[in-house]
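Notes to accompany the following structure.
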Amino acid sequence: MPLQNRVDPHSQLHAVSARGTFMGNRGRLHNAERQIVSPWKIKPWITCALSFKERKRELMAPNSYTELFFLDEPTAYAAGHRPCAECRCPDYKRFKAAWARAFPEQQDLSAKAIDNLLHAARLNDDGSQRTWTAKLAELPDGSMIEHDGECVLLWKGHQWRWSFAGYSPLQPIIPAGQEVAVLTPEPIVRLFAAGLAGALAVHPSLDSCD
C-alpha cells in the first residue's frame, strides 16, 4: 500500500505508486501508524534532492519529518515549496538571486523572511491553497494553472496536462488572452519571470518539447 506522501500542484498529499524526481518536507505530518494527520507543521516548505551524501532514511520514521515526493520542480513550486539550502545549495542560491531581482525593495533575504512571505502567498486563512488570476499570455514558463478541473503546466510555449505519471499535451489549448486560475504562488511566478524558469528541472515527459 503506497504511503500518502505524493504531492500534487494543489499541495495536497496522495497515496499513489508513481515515483517522483524530487523529495521535500514541511515538518512531521504523520503519526506512529504512518498516517498523515496534518497538512504542514513548519513554515519552511522545502524541496530536496532524492539522494545526498549517501544518507539513508526510513520513510515516515517515528519522531522524524515526513518525506514528501514531487513529480518535478514546477510541481514542487506550484505546491509552495522552495529549494533546500543544504542538499540543493546551488539551486537555493539561484532562487535567492532571482528573489533579489524580482523584489529589489526587500532588504531581508534570509530564509526565514522569504519563508514567511511564501507562507502567506500559498495559503488562505482557512488553510486552503491560495490561488490568483492572470491572463495566460502574461505568465512565464514554469507556471502551473488550473483549467477545467485539471492542472496545466506552461512550458516552452506549450500547455501540458499534469498527472502523477508525467505530462501530456493539453487539447484543445487555452486561448492566450483568457484569464486563468494560477496555482503557483505569485512571488514564485515573479521569480520565474526574473530568470529562474530557465533553471527548472522538469519531468522527462516534457523532453518532446525541447
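The values are calculated or read from the model by the stated rules, or taken from the named source; none is laboratory data. Computed from a prediction, not measured in an experiment: that's the story for all the values here. Neighbour counts are summed over all protein chains in view; Cβ atoms, including those assigned to glycine, are modelled from backbone coordinates with ideal geometry. The area values use the complete protein model at the heavy-atom level, side chains included, leaving out ligands, DNA and RNA. Shrake-Rupley method; radii C 1.70, N 1.55, O 1.52, S 1.80 Å.
How many of the residues making up the range 166-193 are assigned to a loop (DSSP other than H, G, I, E, B) and out of contact with any strand residue (DSSP E or B) (no Cβ under 9 Å at 6 or more places or on another chain)? Spell out how you get there, then give the answer.
Kept after step one, since they are assigned to a loop (DSSP other than H, G, I, E, B), are these residues of the range 166-193: 170-178, 183-185.
If we keep only those that are out of contact with any strand residue (DSSP E or B) (no Cβ under 9 Å at 6 or more places or on another chain) too, we end up with 172, 175.
Of the residues in the range 166-193, 2 are assigned to a loop (DSSP other than H, G, I, E, B) and out of contact with any strand residue (DSSP E or B) (no Cβ under 9 Å at 6 or more places or on another chain).
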Note to self: I'm checking my understanding of the structure. Among residues of the range 155-210 that are closer than 28 Å to ASN124 by Cα and of a type in the set (D, E, K, R), which one is farthest from the chain's Cα centre (by Cα)?
What the structure shows: GLU179
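Of all residues in the range 52-66, count the ones that are farther than 18 Å from PRO2 by Cβ and open to solvent by 100 Å² or more (accessible area, probe 1.4 Å). Before you say what the answer is, go through the steps one by one.
Initially, the range 52-66 is screened for residues farther than 18 Å from PRO2 by Cβ, giving 52-56, 62-65.
Applying the additional criterion that residues be open to solvent by 100 Å² or more (accessible area, probe 1.4 Å) yields 53-56, 63.
Result for the range 52-66: 5.
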Margin query: Just to be sure before I move on: is THR47 touching a helix residue (DSSP H, G or I) at 6+ places or on another chain (Cβ under 9 Å), β-branched (Val, Ile, Thr) and closer than 29 Å to GLU186 by Cβ in the structure I sent?
Written below: yes
Note to self: Looking at LYS93, LYS135, LYS112, can you tell me which residue is within 25 Å of ARG161 (Cβ to Cβ) and exposed (fewer than 15 other Cβ atoms within 10 Å of the Cβ)?
What the structure shows: LYS135
Check: Given the conditions (1) open to solvent by 60 Å² or more (accessible area, probe 1.4 Å); (2) among the hydroxyl-bearing types (Ser, Thr, Tyr); (3) within 14 Å of the chain's Cα centre (by Cα), which single one is not true for SER143?
Finding: (1)
Notebook entry, point to check: Can you find even one residue in the range 69-76 that is in a helix (DSSP H, G or I), of a type outside the set (A, V, I, L, M, F, W, C) and without any contact (Cβ under 8 Å) to a residue 24 or more places away in the chain?
Noted result: no
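Identify, please: which residue in the range 71-90 is within 21 Å of ILE42 (Cβ to Cβ) and either small (Gly, Ala, Ser) or surrounded by fewer than 18 Cβ atoms within 10 Å (Cβ to Cβ) (or both) and is, among those, nearest to the chain's Cα centre (by Cα)? Before you say what the answer is, go through the steps one by one.
At the first step, the residues of the range 71-90 found to be within 21 Å of ILE42 (Cβ to Cβ) are 73, 75-89.
Checking which are either small (Gly, Ala, Ser) or surrounded by fewer than 18 Cβ atoms within 10 Å (Cβ to Cβ) (or both) leaves us with 76, 78-80, 85-86, 89.
On the way: ALA76: 2, ALA78: 4, ALA79: 4, GLY80: 5, ALA85: 16, GLU86: 18, CYS89: 17 Å.
Looking at residues that are within 21 Å of ILE42 (Cβ to Cβ) and either small (Gly, Ala, Ser) or surrounded by fewer than 18 Cβ atoms within 10 Å (Cβ to Cβ) (or both), I get ALA76.
Take the conditions touching a helix residue (DSSP H, G or I) at 6+ places or on another chain (Cβ under 7 Å), farther than 13 Å from HIS10 by Cα, crowded, with 17+ Cβ neighbours inside 10 Å and not hydrophobic (A, V, I, L, M, F, W, C) and apply them to GLY177. Does it pass?
Working: touching a helix residue (DSSP H, G or I) at 6+ places or on another chain (Cβ under 7 Å): yes; farther than 13 Å from HIS10 by Cα: yes; crowded, with 17+ Cβ neighbours inside 10 Å: no; not hydrophobic (A, V, I, L, M, F, W, C): yes.
No; evaluated as a whole, the condition is false for this residue.
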Next item on the list: Just name the residue that is surrounded by the fewest Cβ atoms within 10 Å (Cβ to Cβ) out of those in the range 152-166 that are of a type in the set (A, V, I, L, M, F, W, C) and touching a residue at least 40 places away in the same chain (Cβ under 8 Å).
Entry: ALA165
Next item on the list: From (1) open to solvent by less than 50 Å² (accessible area, probe 1.4 Å); (2) over 24 Å from HIS203 (Cα atoms); (3) under 17 Å from the mean Cα position of the chain (by Cα), pick out the condition that doesn't hold for ALA102.
Entry: (3)
Margin query: List pairs: first residue in the range 55-67 and on the phi > 0 side of the Ramachandran plot, second residue surrounded by 10 or more Cβ atoms within 10 Å (Cβ to Cβ) and of a type in the set (S, T, N, Q) anywhere in the structure, Cβ distance under 7 angstrom, at least six positions apart or on different chains.
Written below: MET60/THR66
Next item on the list: Could you please find all residues in the range 113-151 being in contact (Cβ under 8 Å) with a residue 12 or more places away in the chain and in a helix (DSSP H, G or I)?
Entry: ILE114, ASP115, ASN116, LEU117, LEU118, HIS119, ALA121, ARG122, LEU136, ALA137
Checklist line | Residues of the range 98-112 satisfying the condition of being of a type outside the set (Phe, Trp, Tyr) and assigned to a helix (DSSP H, G or I) | finding: ALA98, ALA100, ARG101, ALA102, ALA111, LYS112
